[in-house]
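Note sheet for the following structure.
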Amino acid sequence: MHADWEDLKYLNGFGNHFESEDPRCPNALPKNQNTPQNCPYGLYAEQLSGTAFTAPRETNQRTWIYRILPAVLHEPFSPIKSGLLTNRWDLSEPNPNQMRWKPFPIPSTKDEKKDFLDGLATVCGAGDPCSRHGASISIYGCNSSMDNRAFCNADGDLLIVPQHGSLRITTELGRMLVKPQEICVIQQGIRFSVAIDEPSRGYVLEVFDNHFHLPNLGPIGANGLANPRDFEIPTAWYEDRDCDFTVVHKYQGSLFESKRKHSCFDVVAWHGNYAPYKYDLRKFVVVNSVSVDHVDPSIFTVLTCPSLKPGTAVADFVIFPPRWSVQEHTFRPPYYHRNCMSEFMGLITGRYEAKAEGFQAGGATLHSCMTPHGPDADCCEKAMTDELKPMRIAENSLAFMFESSLSFALTKWSMTTSAGIDHDYFKCWSSLKKHFTGPK
């Protein structure tokens with residue numbers, strides 16, 4: 001790992017208004033206005049709007065950036081192949097079955113070079129980036145860094161979950177080191193590049209509608225779950241480097257590239273509330289039942305992208321961290337369930353409490369709208385006979401869920417052996433026993 005990345009400094013607080021200057025250029029931010037006739041150091045002023053100008057003040061997001069050359073300085077966009085990255089959901093037949101994938105492949109150093117962008121492969125999704133409603137879930141597997149290349153998603157926000165290998169992410173607003181058991185969010189329109197030190201794998205949630213919010217806490221009160229102070233925002237960092245540089249632009253589900261003669265990571269200073277951020281999942285404050293019953297998994301929500309329907313998410317990001325289980329007279333594993341929401345689960349490390357075998361780190365499951373799911377047969381039998389004493393569960397484990405009100409369609413690639421599809425997943429329930437005793 002590069003030592004200077006381990007020593008990166010961050011700003012703290014979710015949704016705050018920040019200002020940051022690269023220390024090499026003190027006083028780079030204009031005083032008392034956004035667009036002076038001449039900016040300090042001969043910089044260009046540029047606004048990055050994450051919401052409409054007229055969005056209510058409490059939801060309005062924008063950042064002013066001061067850069068060496070404006071983003072508009074590039075050659076025309078030209079289409080390029082999108083590989084396995086897609087937002088087309090009409091190319092495969094509907095499939096309501098319970099789905100499980102073995103660990104998704106990681107290209108080795110002996111394989112053809114694949115950077116983060118090359119290694120993106122879409123598993124499922126729904127909706128349409130043109131109408132700005134929907135979401136998609138992809139996997140990345142890469143063995144090389146992005147060299148003189150940046151990615152910009154005009155379709156929505158990206159929530160990135162590293163599973164194997166750390167990501168050194170350079171954005172226009174600064175740098176972030178994101179390790180497994182941490183996540184980051186890079187909002188719509190922010191250019192970024194990913195560097196790695198070893199072959200790496202992880203998960204990506206893309207949302208078209210809105211930005212991610214902290215969930216409302218309701219009667220929980222003012223504290224708990226993901227605390228705002230634990231979110232970290234990069235500080236300004238720039239490079240003044242002339243080179244052949246490519247920006248890959250995702251627009252309406254397709255990829256385009258534009259060439260420029262200067263690195264796009266040339267922002268010397270910025271201020272605003274529209275900036276990427278990272279969060280350490282180990283800082284999550286767990287809330288749970290201390291009497292009876294298994295509480296709904298919404299209590300484990302880290303971030304939510306709300307829809308127009310109150311209390312219903314385009315996508316929630318939920319985790320299942322190590323915690324105490326103390327409920328009395330209770331079947332403690334997750335209950336058997338049919339859900340109006342779609343549930344995509346991934347495993348970052350360890351074993352998942354409801355399926356100790358078969359569901360592996362780096363793999364995934366999808367339980368679609370109203371498709372039955374729940375603990376496997378072995379977990380069920382054990383939970384019915386266990387002594388109900390206080391115990392730690394999910395120790396040294398971390399699973400997560402992307403839950404959505406959308407009905408996800410699977411891509412053709414996700415159904416192939418190269419994706420690691422497990423056709424025997426249904427068998428984990430086949431030995432469930434009848435315990436019915438009949439009337440007495």
Exercise for review: Note down all Cβ pairs under 9 Å where the first residue falls in segment 5-23 and is over 18 Å from Glu58 (Cα atoms), the second is among the basic types (Lys, Arg) and open to solvent by 50 Å² or more (accessible area, probe 1.4 Å), and they're at least six residues apart or on different chains.
Suggested key: Asn12/Arg229
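Only residues that are open to solvent by 20 Å² or more (accessible area, probe 1.4 Å) and either outside the structural domain of Asp115 (by the TED database) or farther than 24 Å from Ala409 by Cα (or both): list them for segment 132-143, please. Walk me through how you get there before you give the answer.
So in segment 132-143, the residues open to solvent by 20 Å² or more (accessible area, probe 1.4 Å) come out as 132-133, 143.
Hit for segment 132-143 is Asn143, nothing else.
Residues checked against (1) basic (Lys, Arg); (2) modelled with pLDDT of 95 or more:
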residue	(1), (2)
Lys9	yes, yes
Asn12	no, yes
Pro26	no, yes
Ile80	no, yes
Arg88	yes, no
Lys114	yes, yes
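Does Pro162 qualify as being within 26 Å of Ala399 (Cα to Cα), assigned by the TED database to the domain that holds Lys179 and assigned to a loop (DSSP other than H, G, I, E, B)? Can you show your working first?
Numbers: within 26 Å of Ala399 (Cα to Cα): yes; assigned by the TED database to the domain that holds Lys179: yes; assigned to a loop (DSSP other than H, G, I, E, B): no.
It is false that Pro162 is within 26 Å of Ala399 (Cα to Cα), assigned by the TED database to the domain that holds Lys179 and assigned to a loop (DSSP other than H, G, I, E, B).
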Review point. So which strands (runs of 3 or more DSSP E) stay within segment 198-305 end to end and still have 2 or more residues that are open to solvent by less than 30 Å² (accessible area, probe 1.4 Å) and in contact with a His (Cβ under 8 Å, 6 or more places away or on another chain)?
Key: 200-207, 242-251, 254-262
Practice item. Kindly provide the set of residues from segment 416-440 that are under 30 Å from Ser138 (Cβ atoms), charged (D, E, K, R) and open to solvent by 100 Å² or more (accessible area, probe 1.4 Å), ordered by number. Key: Lys427
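Looking for whichever is part of a loop (DSSP other than H, G, I, E, B), on the phi > 0 side of the Ramachandran plot and assigned by the TED database to the domain that holds Ser136 here; the options are Asn87, Asn32. Which one fits?
Working: Asn87 fails: on the phi > 0 side of the Ramachandran plot.
Every option except Asn32 fails the conditions.
Quick check on this structure: which one of Gly358, Gly363, Gly346 is on the phi > 0 side of the Ramachandran plot and touching a residue at least 24 places away in the same chain (Cβ under 8 Å)?
On the way: Gly363 fails: on the phi > 0 side of the Ramachandran plot; Gly346 fails: on the phi > 0 side of the Ramachandran plot.
The match here is Gly358.
Conditions (1) open to solvent by less than 10 Å² (accessible area, probe 1.4 Å); (2) within 26 Å of Asp242 (Cα to Cα); (3) modelled with pLDDT of 95 or more; (4) over 17 Å from the mean Cα position of the chain (by Cα), marked per residue:
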position: Asp147; (1), (2), (3), (4): no, yes, yes, yes
position: Ala154; (1), (2), (3), (4): no, yes, yes, no
position: His164; (1), (2), (3), (4): no, no, yes, no
position: Met176; (1), (2), (3), (4): yes, yes, yes, no
position: Val185; (1), (2), (3), (4): yes, no, yes, no
**Study point:** Residue among Ile220, Ile233, Ile183 that alone is in contact with a Leu (Cβ under 6 Å, 6 or more places away or on another chain) and closer than 28 Å to Gly311 by Cα
**Key:** Ile233
Review point. Can you name the residue in segment 24-67 that is farther than 22 Å from Tyr277 by Cα and of a type in the set (Val, Ile, Thr) and, of all such residues, is least open to solvent (accessible area, probe 1.4 Å)?
Key: Thr35
**Study point:** Gly127 vs. criteria outside any loop (DSSP other than H, G, I, E, B) and open to solvent by 10 Å² or more (accessible area, probe 1.4 Å)
**Key:** yes
Exercise for review: Only residues that are farther than 30 Å from Asp22 by Cβ, part of a strand (DSSP E or B) and small (Gly, Ala, Ser): list them for segment 48-84, please.
Suggested key: Ser78
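The values are calculated or read from the model by the stated rules, or taken from the named source; none is laboratory data. If you're wondering where the values come from, they're calculated on a predicted model, not measured in any experiment. Here the Cβ is made from the backbone with ideal geometry for all residues, glycine too, and neighbour counts use every protein chain on show. Remember, those area values only see protein heavy atoms, side chains included, never the ligands or the DNA or RNA. Shrake-Rupley method; radii C 1.70, N 1.55, O 1.52, S 1.80 Å.
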